[in-house]
Amino acid sequence: MLLLRDLPRYECLLEGARRFPELDPSACEVYLHVLRAGDEAFRSCGEPLEAHGISAGRFTVLMLLLRKRHDACGAMLTPAELADKAGVTRATMTGLIDTLERDGFVRREPDPNDRRMTPVTLTPAGEALLQGVVPAYFQRMGSLVAHLSESERRTLVTLLAKLVRGNETEDPSVTSTDGAAPAPVCPSGSLNSSVP
């Protein structure tokens with residue numbers, strides 16, 4: 001993603017609005033700051049992933065599987081369910097699962113009750129990989145918002161959720177963001193619970 005490190009001043013946006021009447025300066029300012037913050041979060045949290053040779057997409061799949069492993073229901077996820085939760089196409093998910101399976105981090109297990117289903121499970125090697133990645137990933141996540149008070153964090157979450165909900169209402173093709181992108185997916189159990 002191309003990142004603007006030097007965002008335009010509001011006065012420049014006002015000038016732009018004189019040339020382009022469709023430009024709403026305050027909307028543009030918000031948009032640019034959301035992009036800038038998102039890119040910074042993606043870059044910062046991506047560094048621990050790169051250090052372990054794993055992409056954000058593969059990390060998301062592993063975290064979704066870890067969360068499901070510690071879920072009270074214990075049901076396994078199919079590739080289609082993983083695609084829905086990650087907000088990607090089924091073809092993209094198939095590619096992610098193929099490489100994770102090739103590297104020994106996940107396995108497909110035929111469902112004994114429905115031969116058409118092939119749920120995906122996390123292997124001990126996949127959980128061990130997460131054990132190495134997750135601490136640094138969550139530390140980076142925390143450092144991004146360390147300078148915000150708890151109240152400011154809640155306000156930011158509320159505003160960002162409102163922004164997403166508003167866009168989902170306007171555009172029915174927008175899929176749910178549940179579990180999407182580099183996994184701020186928090187398992188409800190300990191990573192150490194089944195790692196040898």
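Can you check how the C-alpha radius of gyration of region 81-132 compares to 2.2 N^0.38 Å, as a plain ratio?
In units of the globular-protein estimate, region 81-132 measures up at 1.19.
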Per residue, the convex hull enclosing the Cα atoms of region 1-138 spans a volume in Å³ of 158 Å³
Tell me the per residue accessible area of region 1-44 using a 1.4 Å probe; a whole number in Å² is fine. 79 Å²
What FRET efficiency comes out for GLU40 versus VAL157 if R0 is 25 angstrom and r is the Cβ-Cβ distance? Round to the nearest 0.05. 0.90
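Return the FRET efficiency for the residue pair CYS12, GLU168: r is the Cβ-Cβ distance, R0 is 35 Å, and the value is rounded to the nearest 0.05.
Computed FRET efficiency for CYS12 and GLU168: 0.70.
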Using per-residue counts of other Cβ atoms within 10 Å, averaged over each peptide, order 52-62, 106-116 from highest down. 52-62, 106-116
Backbone N under 15 Å from the ARG102 label point (7 Å along Cα→Cβ), restricted to region 22-53: none
Long-range amide H partners of VAL106 with built H, under 5 Å: GLU101, THR123
For region 27-97 and region 116-150, compute the distance between their C-alpha centroids and round to whole Å. 10 Å
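The values are calculated or read from the model by the stated rules, or taken from the named source; none is laboratory data. Just so we're clear, the structure is a prediction, and the values are computed from it rather than from any experiment. Reconstructed Cβ throughout: ideal geometry from the backbone, glycine too, with neighbour counts over all protein chains shown. Surface accessibility is based on the protein's heavy atoms, side chains included, excluding ligands, DNA and RNA. Shrake-Rupley method; radii C 1.70, N 1.55, O 1.52, S 1.80 Å.
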